[in-house]
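Read-outs: derived from the displayed coordinates by stated rules, not from any lab. It should be emphasised that the depicted structure is a prediction, and the values quoted were computed from it without experimental measurement. Ideal geometry is used to build each Cβ from the backbone, glycine not excepted, and the neighbour counts take in all protein chains shown.
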Amino acid sequence: MKTEITTESNQMVAKFTGRLDTAAAITTAEDIKPLLNAANTEIVLDCSDLEYISSSGLRIFLTIRKEAAAKGSKVIVKNINADIRQVFVMTGFISLFEIV
Amino acid sequence: MKLKVKNNDIIHDKSGLWIIIIAAVILEATACIQYFYNRASLRNEAERRAIAELRRAELEIDVVCKQVEMSVQTMALLAERNLQYPDSMFSITCLMVERTPDMVGAAIALKENYYPQYGKWFEAYCGLHTKNLQIGSQTHDYFQSEWFHNGMTIDSCWWCEPYYDNAGAMETLVSCSYPLHNSEGEVIGVALADISLNYLERLSQYLRVYPNSYFSITSSNGTELVPAPDTIPGMKYHIFEEDIDVNGWTIRIIIPDNEIYGELKRIGLLVTIMMILGLLLLVFIMYASARNIMKLLEANKQNQTIESELNIARNIQMAMLPKTFPPYHDCLDLNIYGTIIPAKEVGGDLYDFYISDNKLYFCIGDVSGKGVPASLVMAVTRSLFRTLSAQSKDPAQIIIQMNNAMSEMNEQNMFVTFFLGILDIETGELNYCNAGHNAPILISDTPTALPVLPNLPIGILSGYTFISQTITIQRGNTLFFYTDGLTEAENINKELYGEERMFKTISEWSDTFNAKEQVNAIQQSVAQFVDIAEPSDDLTMLSIRYLPDKSEQTTSNKTGQIVKSQIVMRNDIQQIPTLAEWVESLGIPQMLNMTINLALEEAVTNVMLYAYPDSNGTVLIESLKDKNQITFVISDSGIPFDPTKKGEVDITLAAEDRAIGGLGIHLVRQIMDKIEYERKDDKNILTLTKLF
């Protein structure tokens, strides 16, 4: 599971690659810490290469969302596949995020 | 000819001897015939020459005699005409002597008292040096001489016997008498001529027919006119003779045998010597070639013996290889096949394996070199493997002992590349040690080379520390071992088969191949590549397949059979990916795979978190699948924890209001059709069911 964060002028993009299961979530929680400090930024969570997500991964997404709301940032979830969409639907996350 | 081949094997060969004898006989007979023919022709030649010369000599003598007779008759004629002049008798005789060659004296002798003035005797004589002598007297009473008497009575020339004249000429003379007649026809006297026989010397130019031949002339009474030299006793002579009609002499030509045959004898000797030498050469050649043939036969025999012994050696070597391959009735977890194709009758490659105590001990090796020396070292290596592997469980230790033992007896500096492995059949753990051998191929999804340390081969350095390695292989994996006879197989263009081709052929194996089919596929590929070229090295291959456990076998559910599976997990979040793999292997319909995986992950994670918060334990997950549904039973022996008791999560809340936790069990409830919890025998038992 790989997390890559790139920063542009007004944007932070976090690209996830692989399976975000309970075991991988431990590392990923550390990796996304920069996003939690971003204020007034657009945070893009690029899920193009994300194969799988479990509840631990969802928790991380939620944490990012909560912090962004507190800091005036916006969170966009990008390119989730059908499996992950199904999980978002099951958990109601589908309405928590702007999904592109 | 006798030739000794072995101590109790003597061969008599008489045919060679007969060849020599017959050749000698033929040669000698030919030479003899030639000799005698030559001899005869030489003799004939000699005879011809002698006779020819004799005739010429006779002719010469004849001529001389005739000349003398003519002279004497002329003298007689003249005398008869001048009888009344007694003085003219002297001049007539002188005339005769002057005119006639070889005449040394001439005389006219008249009968008693013919000239009364001269008295009783009258013999007018003229010699070469004495002239006009009347020599008739008391002392020289010629009336008694034979020549007078015969001359008077015989009416032709009468030749007397040669005699030595010691009164006058001091040489051998012969005289010729002729009667004188008066006018009435009465015989009144004799005309006489003395002829020197010196002229006979002239004949020697004719009569010396050979350089060392002699001649003699004898009168009819045996008086020697030309004496023959004394013959040497013991020598042989050929004598040719001719009688001269005119005076009864005999001319002999005496030729020593040597003169005639000397050349022939010399040549004959030379030929005989050459013949003998030739025969000796023949004998020598025959003897030498017979010995050569014996040597060849012996070598051939030895070759055949060696060949048949090599065949036996090969059979012994092949018998050292394992004859049966698993699976056995008491070991169904392995499928093995091995083969060695030797380049010569005997080779230096080996492989071996045996199962003991639920472990597979196996090895593959390659002795440096080929042929009988390599095969001997191979046999030693194999027995060391068998003996030492029974005593130790560590591959490195076994090889260290093998190495020390073999380095000590290694005068020929032969070494063995070697791979030794011990596979725990239950767990799939492979302990191995590679001593300089080709890295084996591990085939799970794709063929890759097994990681091997660069230990030295066996037999190079006594006391070397070999290091072993461990890897765990999975059921369904194959281990493929080979020697460099495979990768270094050459075709006629001197190209090598190489690792690439080997990997390619391995990746083309069908999944249904058993070990034998796998090995055969490689063998065919190599055979095609090598084609008509001569194999340069032994080709050895060993394939070990670690078969899936029959009781755990999972197949797709197309036939609707009931399939059971299980997995045991430790209390470790890091095992979650293993869980995912196990779910993958259950053959669940593809579209449900992710959600069932997710549900199980959430359930198991909760068990790990809540049932074993701070202790080690295991979680057992059993699955039972039929064509309608799949059921998972998750059991643990942790503290009592009932996930179904957890309250529902409100997923309609806004992000700010959502609780961080609780999603896990929510997902399980969402995904699974049935969730049941039971606490039984101190165990939490959670049953999840998903209908298809």
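The table below gives the values:
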| quantity | calculated |
| --- | --- |
| Length-normalised contact order of chain A in % [C-alpha pairs under 8 Å, at least 6 apart] | 27 |
| Net charge contributed by nearby residues that have their C-beta within less than 10 Å of A:Y52 (K/R +1, D/E -1) | -3 |
| In segment B:83-150, the GluC sites (Glu not before Pro) that fall in loop regions by DSSP, at most 12 other Cβ within 10 Å | B:E112 |
| Quotient of C-alpha Rg and 2.2 N^0.38 Å, computed over segment B:321-549 | 0.97 |
| Partner chain coverage, peptide B:668-680 - average Cβ within 10 angstrom | 1 |
| Rough spin-label spacing in nm, given labels placed 7 Å along Cα→Cβ, for B:D650 and B:F143 | 22.1 |
| Under the span-like rule (Cα at least 30 Å along the axis, Kyte-Doolittle mean at least 0.0), DSSP H helices of chain B | B:14-81, B:257-320 |
| ³J(HN,Hα) computed for each position of segment B:627-644 - Karplus, 6.51 cos²θ - 1.76 cosθ + 1.60, integer Hz, glycine/proline x | 6, 9, 7, 10, 10, 10, 10, 9, 10, 9, 10, x, 5, x, 8, 10, x, 5 |
| Cα-centred dipole magnitude for the protein assembly as shown, charges only on beta-carbon of K, R (+1) and D, E (-1), debye, nearest 20 | 2900 |
| Cα convex hull volume per residue for segment B:556-685 (Å³) | 122 |
| Rg [Å, one decimal], Dmax [Å, integer] - segment A:2-99, C-alpha atoms | 12.2, 35 |
| Zero-based 20 Å bins, Cα pair distances in the protein assembly as shown, whole percents | 11, 19, 15, 9, 6, 7, 8, 9, 7, 6, 1, 0 |
| Convex hull of Cα atoms in segment B:10-281, direction-averaged projection (nm²) | 19.2 |
| Globularity index of chain B, i.e. its alpha-carbon radius of gyration over 2.2 N^0.38 Å | 2.66 |
| Within segment B:185-250, GluC sites (Glu not before Pro) in DSSP loop having at most 16 other beta-carbon neighbours inside 10 Å | B:E186 |
| For segment B:575-592 and segment B:55-129, distance of Cα centres in Å | 173 |
| Net charge contributed by nearby residues that have their C-beta within less than 15 Å of B:F466 (K/R +1, D/E -1) | 0 |
| Chain B: Cys lacking any partner C-beta under 4.7 angstrom | B:C32, B:C65, B:C157, B:C160, B:C176, B:C331, B:C363, B:C433 |
| Chain B: calculated mean residue ellipticity at 222 nm from DSSP helix runs of at least 4, using -39500 (n - 2.57) | -13000 deg cm²/dmol |
| Local electrostatic count at A:Q11 - Lys and Arg +1, Asp and Glu -1, tallied over other residues with Cβ under 15 Å | -1 |
| Förster radius 56 Å - calculated FRET efficiency between B:T130 and B:L270, Cβ distance, rounded to 0.05 | 0.35 |
